[in-house]
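The structure appears right after this line, and notes come after that.
The values are calculated or read from the model by the stated rules, or taken from the named source; none is laboratory data. Everything numeric here is computed off the predicted structure, so don't read it as measured data. Positions of Cβ are backbone-derived with ideal geometry, glycine not excepted, and every protein chain shown enters the neighbour counts. Keep in mind that these areas ignore ligands, DNA and RNA; they rest on the heavy atoms of the full protein, side chains included. Shrake-Rupley method; radii C 1.70, N 1.55, O 1.52, S 1.80 Å.
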Amino acid sequence: DAKTTQPTSMDCAEGRAANLPCNHSTISGNEYVYWYRQIHSQGPQYIIHGLKNNETNEMASLIITEDRKSSTLILPHATLRDTAVYYCIVRLPFYSGGGADGLTFGKGTHLIIQP
Amino acid sequence: NAGVTQTPKFQVLKTGQSMTLQCAQDMNHEYMSWYRQDPGMGLRLIHYSVGAGITDQGEVPNGYNVSRSTTEDFPLRLLSAAPSQTSVYFCASSTLSRGTYNEQFFGPGTRLTVL
């Protein structure tokens, strides 16, 4: 069973905030939430990760609900270069048995930024 | 910093041939890993390493060997290539802090075709 559920695709206007939801209702207490994206045929690119607090970096913000069963990635001012497939992943810490548990990408959300 | 580099970018092999995919990083990352990505699919972890001299198997290790003699290099060897190993191979590296994976940096990938 997939650990995360994401919409298949989303559109967003250039310059607006893109809000990408992710459902991870079976997340365990010590699993982190990671977001990566992949632009066609390139290597995946890390965006952000968090455990339970909201996080922000120069690329995006991550909002995790209090019960940790869902999260939202926010790209504050989307540009055409943000068109990509976005993956939400939950993952155990390495020393909690997450060593052989690689980055498991599901189907992801294909985000299309419209000019 | 060059980040994570991979060579070659493209390779065509005949069934039964062997080859080594090279991966190097100049960020002094202790954690390195190899993934394969088949068309329309997510990543699958092949092997990983948490430091020089330490390697372990991921989800799909059969047919592949790795070694880690230095912090910088993590080559992946295909022992006897098979058509099922046709894929895009990504190398990634990151630090580990308090047992948590930090930002993983991915290389540009090697596109391998086995005839």
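Miscellaneous remarks
- Accessible surface, 1.4 Å probe, highest first, among residues B:Met41, B:Met32, B:Met27: B:Met41, B:Met27, B:Met32
- Euclidean distance between Cα centres, region A:1-44 to region B:43-69, Å: 27 Å
- Evaluated over the protein assembly as shown, the count of Lys pairs having alpha-carbon atoms less than 20 Å apart is 5 (only pairs 8 or more residues apart or interchain).
- Once the 1.4 Å probe is applied to the protein heavy atoms, chain A comes out at 51 Å² accessible per residue.
- Accessible-area value, B:Phe105, 1.4 Å probe, nucleic acids and ligands omitted, Å²: 70 Å²
- Net charge, A:Val85 excluded, C-beta distance under 13 Å - Lys, Arg +1, Asp, Glu -1: +1
- Column: log10 I(q)/I(0), Debye, Cα scatterers of chain B, q = 0.15, 0.17, 0.20, 0.23 Å⁻¹: -0.59, -0.76, -1.05, -1.36
- Relative contact order, percent, chain B [alpha-carbon distance under 8 Å, six or more residues apart]: 35 percent
- Placing +1 on each Lys and Arg Cβ and -1 on each Asp and Glu Cβ, with no other charges, gives the protein assembly as shown a dipole about its Cα centre of roughly 460 debye.
- Summed buried accessible surface, chains B and A, 1.4 Å probe, nearest 100 Å²: 1800 Å²
- Principal axis analysis of the Cα atoms in region B:17-77 yields extents of 32, 25, 18 Å, listed in decreasing size.
- Of B:Gly42, B:Gly58, B:Gly16, the residue with the greatest mean-square motion in the GNM of chain B, using alpha carbon springs below 10 Å, is B:Gly42.
- Residue among A:Cys88, A:Cys12, A:Cys22 with the largest mean-square fluctuation in a Gaussian network model of chain A, springs linking Cα atoms under 10 Å: A:Cys12
- Prolate is the label for chain A, because a/c, from the alpha-carbon gyration tensor with a ≥ b ≥ c as root eigenvalues, is 1.5 or above and a/b exceeds b/c.
- Accessible area, probe 1.4 Å, largest first, for residues A:Ile27, A:Ile89: A:Ile27, A:Ile89
- Taking chain A as a whole, the Cys residues whose C-beta sits 4.7 Å or farther from every other Cys C-beta are A:Cys12.
- Cα-only Debye scattering, the protein assembly as shown: base-10 log of I(q)/I(0) at q = 0.07, 0.11, 0.15 Å⁻¹: -0.23, -0.56, -1.02
- Remark: region B:11-89 carries 45 Å² of accessible area per residue (probe radius 1.4 Å; ligands, DNA and RNA excluded).
- Surface share of carbon and sulfur [accessible, 1.4 angstrom probe, percent] for region B:1-104: 49 percent
- Between A:Tyr34, A:Tyr86, A:Tyr46, the Gaussian network model of chain A with springs among Cα atoms under 10 angstrom shows the greatest mean-square fluctuation at A:Tyr46.
- Normalised contact order of chain A, rounded percent, pairs of Cα under 8 Å and 6 or more residues apart: 36 percent
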